[in-house]
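Below is one structure, written out as structure tokens; the observations come after it.
The values are calculated or read from the model by the stated rules, or taken from the named source; none is laboratory data. Keep in mind the model is a prediction, meaning the values are calculated, not measured. All Cβ positions, even for glycine, are placed from backbone atoms using ideal geometry, and neighbour counts span all protein chains on display. Ligands, DNA and RNA are stripped out before the accessible areas are found, and what is left, the full protein with its side chains, is counted by its heavy atoms. Shrake-Rupley method; radii C 1.70, N 1.55, O 1.52, S 1.80 Å.
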Amino acid sequence: MSSEQADVFALEAREAREAARREGRELAETERIVAQVEASTPQEAIARTRANEELSSEMAPGSRAPMIINLGPQHPSTHGVLRLITELDGETVRDIHPVIGYLHTGIEKQCENKTYWQGITLVTRMDYLSPFFNIHAYTQSVEKLLDLEVPARAQWLRVMISELNRITSHLVWLGTSGLELGAISIFFYAYRERDRALDLFEMISGERMNNRFFQVGGCADDMPPGFETLLREFVTEMPSRIDEYEGLLSQNPIWLERTRGVGSLPADQLIDLGITGPALRAAGVDLDLRKARPYSGYEHFDFSVPVGTNGDAYDRYLIRLREMRESVRIIEQCLDGMPEGPHISDNRKVVLPPRGELAGSMEALIHHFKLVTEGFSVPAGEAYCAVESPRGEMGCYVVADGGPKPVRVHMRDPSFVNLQGLRPMAKNAYLADLIVMIGSMDNVMGGVDR
Amino acid sequence: MSEYRNLIEAACPGAVVEEFEGPGDEVTIEIAAERIREVCRFLKAEPAAFRQLSDVTCVDVLDGNGRGGRFRLAYQLFSMDSGDRLRLRVWADADQPEVDSVTQVWGTANWHEREVYDMFGVRFADHPDLSRILMPFDWEGHPLRRDYPIGGEEVKFSDAV
């Protein structure tokens, strides 16, 4: 290989070194690993591994130099674009180094240059499987800063739609993680129900994904005619559908073999790593923000929080299925006890006036014009609100300075935090199990990279 | 004064600079920057028992706090037993922003601090792996600083249309 070729391959290595030199520091761990991988061609890497093998064929397992393999970023089982630099000793993973940022779109920066109501559109696009939870965290923070009361009906609508979103998110997880392990059928079953739920989303919000349905002050609209009947049909049918999924997987010997005992960490370590959601509850920690810090009227609902024992991939699977059943119960309670009243606050300084008023009221027209062109101003301060998303604690930290645009919007995405658990989990596991671990953590890379 | 301020003041005298309450149930306690790790270690243990660190992030306050600080760090603590939340605030300098890392206290701080370093250029002393996390390693500048322009980056292939 010519030195020119080597230069091309060493580009990333050189960039990392130059950046470190510019800032007057040593290479950090991840930078060193990436530089090491990039500094050699595949042929060189194979030659080095062969040489290692010849040298160390007599040595005990674990004493050989590791083979370094780049898993991703473009790999179907990484749920997006996750790159894992994997140090392998035979089939055993010695260490992994996650490299993220391939889906970074600068949403937090863009939010600073948009008005508060425009920001809603941006945050739905982070974790694209749970848009309602992203907006819910965001609007709650803004409402807290505004000291704005959300009408009871709006809160219940939010709970109802959030729980439906939890079901669709878990269904995508179920279908795709089944696919990764070769269980093809479950994908069709899961997506069949997901599609019906997306139809319902489309009916109520006009969009199948990235739904901009929650507004600051409430929800964009009330339930359209016929929605209640269709949703009721869906939730009546859903328990038997979940039975079907369980019939396909829960006792399936291959599924059991692949997921049992895989990817478990002690509960203390999970808490230390900040891991939340089903991954934490599977390890026996009863932490659900809907119970620990009830928001949006969750204290009025009767539901239980499923908790596992082993914390392995199988427990996570069981917990997500049970969570879907609980979500069905919550939606039923929403439909039964939906309070009467407005679906959005009537504070004209924040909320758009109803369409019908625009033709007859000059004041409404002025409010509408001001809200759309300039946006509403939010008193100076900072607020952090979090909701329990399908993946854990979805938090939003908003800093306001009294103007119509936020100074800072930071999203604490559960996928980002939970992904840190992958490294300790994967150490000394089999490479094939690494895929199960990625799948069972249910990280959405759009949320990780934001 | 919140109970947590009293607790911190009793255990780490002189560490609390100020306390802010509101909006709603939000409580923010400003900590002297050099004491942050000590205070975090205290708050994680009994009796405060903030076993979980939810988030670490930063705000670039261009005007600063009048004492040479520009970067305002926010640590969101969460107590799993009581459900309480507490925010710690620490200021970092405009010229050489550096704060002690709390990765030794909560492992989860690792990636949060890398993100703050990547986006704001605030360095964390004793961090095990302080490298960029979302931006490429050779990126110049720190995008979430308030003086970093939006739309300034080159768009690839834009001349091909």
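Mean partner shielding of peptide B:126-134, defined as the number of other chain Cβ atoms within 10 Å of each residue Cβ, is 6. Residue B:145 contributes an accessible area of around 50 Å² to the protein surface, as traced by a 1.4 Å probe with all chains present. Using the average count of surrounding beta-carbon atoms within 10 Å as a protection proxy, the listed peptides A:293-300, B:98-105, B:27-34 rank, highest first, as B:98-105, B:27-34, A:293-300. Solvent-accessible area of residue A:114, all protein chains in place: 80 Å² (probe radius 1.4 Å, heavy atoms, ligands and nucleic acids excluded).
Using a probe of 1.4 angstrom and keeping all protein chains present, the accessible surface of region B:3-125 works out to 35 square angstrom per residue. Around the amide H of residue A:94, modelled in the peptide plane, lie the amide H atoms of A:87, A:88, A:89, A:428, all under 5 Å away and 5 or more residues distant in sequence or on another chain. Ligands, DNA and RNA left out, the 1.4 Å accessible surface of region A:292-450 is 54% carbon and sulfur atoms. Nonpolar atom fraction for chain B, defined as the carbon and sulfur part of the 1.4 Å probe accessible area, stands at 47 percent.
Residues B:70, A:196 ordered from highest to lowest accessible area at a 1.4 Å probe: A:196, B:70.
What nm distance separates the two modelled labels at residue A:43 and residue A:338, each placed 7 Å from Cα along Cα→Cβ? Between residue A:43 and residue A:338, the simple spin-label model gives 6.7 nm. Computed about its Cα centre, the charge dipole of region B:3-125 is approximately 280 debye, with only Lys, Arg, Asp and Glu carrying charge at their Cβ.
Per residue of peptide A:271-280, the mean number of Cβ atoms on other chains within 10 Å of the residue Cβ is 5. Within region A:295-320, name every residue whose backbone N is under 20 Å away from a label modeled 7 Å from Cα of residue A:427 along the Cβ vector. Within reach of a label on residue A:427: A:311-313. Think of chain A as having a plus end and a minus end, set by charges on the Cβ of Lys, Arg, Asp and Glu; of A:254, A:436, A:296, A:296 sits farthest toward the positive end of this dipole. Compute the distance from the alpha-carbon center of region B:33-51 to that of region A:213-276, in whole Å. Going from one Cα centre to the other spans 35 Å. Any idea what angle helix A:431-441 forms with the longest principal axis of chain A, computed on alpha-carbon atoms, 0 to 90 degrees, nearest 10? Once rounded, one gets 10 degrees.
For region A:360-369, putting each phi into the Karplus relation 6.51 cos²θ - 1.76 cosθ + 1.60 with θ = phi - 60° gives couplings of x, 10, 5, 5, 4, 4, 5, 4, 4, 4 Hz, in residue order, rounded to whole numbers and with x for Gly and Pro. Comparing B:121, B:83, B:103 along the charge dipole axis of region B:3-125, the residue lying farthest to the positive side is B:103, per the Cβ-charge model.
For region A:18-32, 3J(HN,Hα) computed residue by residue from phi via the Karplus equation (6.51, -1.76, 1.60; θ = phi - 60°) reads 5, 4, 5, 5, 4, 8, x, 8, 7, 5, 7, 4, 5, 4, 4 Hz, glycine and proline entered as x.
Distance from the Cα centre of region A:118-187 to that of region A:393-436, in angstrom? Spelled out, the Cα-based centre of one part sits 15 Å from the other. As a calculated quantity, the FRET efficiency between residue A:256 and residue A:232 at R0 = 51 Å, using C-beta atoms, amounts to about 0.90. If you sort A:148, B:88, A:431 by accessible surface, 1.4 Å probe, largest first, the order is A:431, A:148, B:88.
Put simply, when A:389-395, B:20-26, B:74-80, B:132-138 are sorted by average Cβ atoms within 10 angstrom per residue, most first, you get A:389-395, B:74-80, B:132-138, B:20-26. Taking the C-alpha atoms only, the angle from helix A:227-249 to the longest principal axis of chain A is near 20 degrees. Peptide B:107-114 has a mean shielding of 6, counted as Cβ atoms of other protein chains within 10 Å of each residue's Cβ. Between the beta carbons of residue A:310 and residue A:91, assuming R0 = 35 Å, the FRET efficiency works out to 0.95 to the nearest 0.05. Springs between Cα atoms under 10 Å define the GNM used for chain A, and in it the highest mean-square fluctuation of A:311, A:261, A:119 occurs at A:261. Here residue A:291 is the anchor, and the lysines within straight C-alpha reach of less than 30 Å, apart from those fewer than 8 places off in the same chain, are A:144, B:44.
The magnitude of the dipole of region A:147-263, with charges of +1 and -1 set on the Cβ of Lys/Arg and Asp/Glu and taken from the Cα centre, is near 280 debye.
Counting only protein chains, not ligands or nucleic acids, how are A:423, A:322 ordered by accessible area (probe 1.4 Å), most first?
The most accessible residue leads, giving A:322, A:423.
Once you keep just the Cα pairs under 8 angstrom separated by 6 or more residues, what percentage relative contact order results for chain A? Here the relative contact order equals 22 percent. Between residue A:65 and residue A:18, the simple spin-label model (points 7 angstrom out along Cα→Cβ) gives 2.8 nm. Placing a label point 7 Å from the Cα of residue B:147 along the Cα-to-Cβ direction, the residues of region B:94-128 whose backbone N falls under 12 Å from that point are B:94-96. For the protein assembly as shown, a simple Cβ point-charge model (Lys and Arg +1, Asp and Glu -1, everything else neutral) yields a dipole of about 280 debye relative to the Cα centre.
Taking all protein chains into account, the per residue accessible area for region A:192-262 stands at 47 Å² (1.4 Å probe). Bridgeable aspartates and glutamates around residue A:370 (alpha carbons under 14 Å apart, same-chain partners fewer than 8 residues away excluded) are absent.
The heavy atoms of residue A:373 offer some 90 square angstrom of accessible surface to a 1.4 angstrom probe. Choose one of A:447, A:223, A:361: the residue whose Cα lies farthest towards the positive end of the charge dipole of chain A (beta-carbon charges +1 Lys, Arg; -1 Asp, Glu; about the Cα centre). Comparing the listed Cα positions along the dipole, A:361 ranks first.
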